[in-house]
1. Taking the range 184-211, which residues are surrounded by fewer than 20 Cβ atoms within 10 Å (Cβ to Cβ) and in a strand (DSSP E or B)?
2. Look through VAL196, VAL174, VAL180 and report the one residue that is β-branched (Val, Ile, Thr) and in contact with a strand residue (DSSP E or B) (Cβ under 8 Å, 6 or more places away or on another chain).
3. Listed residues TYR236, TYR214, TYR254; which is open to solvent by 20 Å² or more (accessible area, probe 1.4 Å) and touching a residue at least 24 places away in the same chain (Cβ under 8 Å)?
4. Which numbered condition trips up PHE31, out of (1) open to solvent by less than 10 Å² (accessible area, probe 1.4 Å); (2) closer than 30 Å to ALA179 by Cα?
5. Looking at (1) under 23 Å from ASP36 (Cα atoms); (2) open to solvent by less than 50 Å² (accessible area, probe 1.4 Å); (3) polar (S, T, N, Q), can you tell me which one THR247 breaks?
6. Could you say whether any residue in the range 129-141 is out of contact with any Cys (no Cβ under 8 Å at 6 or more places or on another chain), of a type in the set (Lys, Arg) and surrounded by 20 or more Cβ atoms within 10 Å (Cβ to Cβ)?
7. When only residues in the range 46-62 that are in a loop (DSSP other than H, G, I, E, B) and more than 16 Å from GLU255 (Cβ to Cβ) count, which is nearest to the chain's Cα centre (by Cα)?
Amino acid sequence: MFSGSIRKPRRLVAGFLTLLCLASSAFAFSFAVFGDNQGNDDLLSELITSWNRDQSLDFIVNLGDFTVHGKKTEYQSFLKKTALLKVPMRYVQGNHDGVAGGWRNFEKLIGPAYYAFDHDDSRFIVLNNAFRESFDPAQFKWLKSQLAAARGKKIFVFMHKPVFDPSEIYNDYVMSGRAVTEELTNLFGKYKVRYVFAGHIHGHAKSERDGVVYIVSGGGGGPLHLPRELGGFYHYVKITVNGETVTDQVIRPYEQ
């Protein structure tokens with residue numbers, strides 16, 4: 001009787017500790033996404049202030065077009081300003097960054113035009129589709145291998161030009177090649193990608209296809225394309241991962 005009455009509480013305690021361990025092992029982190037700053041230093045200063053104030057952020061992803069003409073001096077100026085950040089910034093190459101040989105400056109001062117990295121239990125895949133010829137068969141093959149290798153992880157994809165316009169206003173202002181974009185959306189659905197981010201369209205738009213959330217965040221400082229009521233405002237997007245739950249929040253630094 002006495003020994004049996006003790007064993008039951010021990011099993012309950014062990015079960016509670018297991019649940020506690022599982023809860024504590026769930027990955028939790030945040031990152032910010034923005035694009036198309038295009039030399040707007042005033043907004044960049046506001047963004048950096050906002051990011052440095054948010055102690056929950058682990059890193060920032062820049063969706064491209066942080067320069068206007070792809071010049072080395074523009075790259076150096078931007079990098080000097082973002083050196084004030086308390087967290088790392090990852091870069092996508094935009095068409096403005098790569099124009100007139102600017103892609104060489106990206107390669108020298110930033111790094112590869114497409115790459116992947118892991119953070120906690122998630123895979124982050126950065127693509128280069130700044131120009132029609134940028135997304136070549138070699139990159140497509142690489143993307144497929146990255147998606148296949150990331151099974152079981154939460155997957156986030158970043159590019160400059162969207163595969164489609166979630167706002168449905170700039171349907172021609174997207175990545176070139178209808179067959180390619182359709183294959184990409186099919187791939188993202190097949191591999192259960194959580195989010196696909198793009199810039200290029202100056203504003204904010206969001207849509208979902210086959211369980212994949214597509215976000216355009218091009219409100220980083222360039223002239224706005226969208227009407228204000230349809231996403232035409234300066235902003236960045238904060239993504240929060242908490243275990244299997246992923247949420248997105250639009251933040252307007254001028255309105256904080």
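1. Within the range 184-211, LYS206, SER207, GLU208, ARG209 qualify.
2. That would be VAL196, the only listed residue that is β-branched (Val, Ile, Thr) and in contact with a strand residue (DSSP E or B) (Cβ under 8 Å, 6 or more places away or on another chain).
3. The match here is TYR254.
4. (2)
5. The number of the failed condition is (2).
6. Looking for residues that are out of contact with any Cys (no Cβ under 8 Å at 6 or more places or on another chain), of a type in the set (Lys, Arg) and surrounded by 20 or more Cβ atoms within 10 Å (Cβ to Cβ), one finds none in the range 129-141, hence no.
7. Once the filter is applied, the top-ranked residue is SER56.
The values are calculated or read from the model by the stated rules, or taken from the named source; none is laboratory data. Note that the coordinates shown come from a computational prediction; the quantities given were computed from them, not determined experimentally. So basically every Cβ, Gly included, is an ideal-geometry build from the backbone, and we count neighbours across all protein chains shown. What goes into the accessible areas is simple: the full protein's heavy atoms, side chains included, and nothing from ligands, DNA or RNA. Shrake-Rupley method; radii C 1.70, N 1.55, O 1.52, S 1.80 Å.
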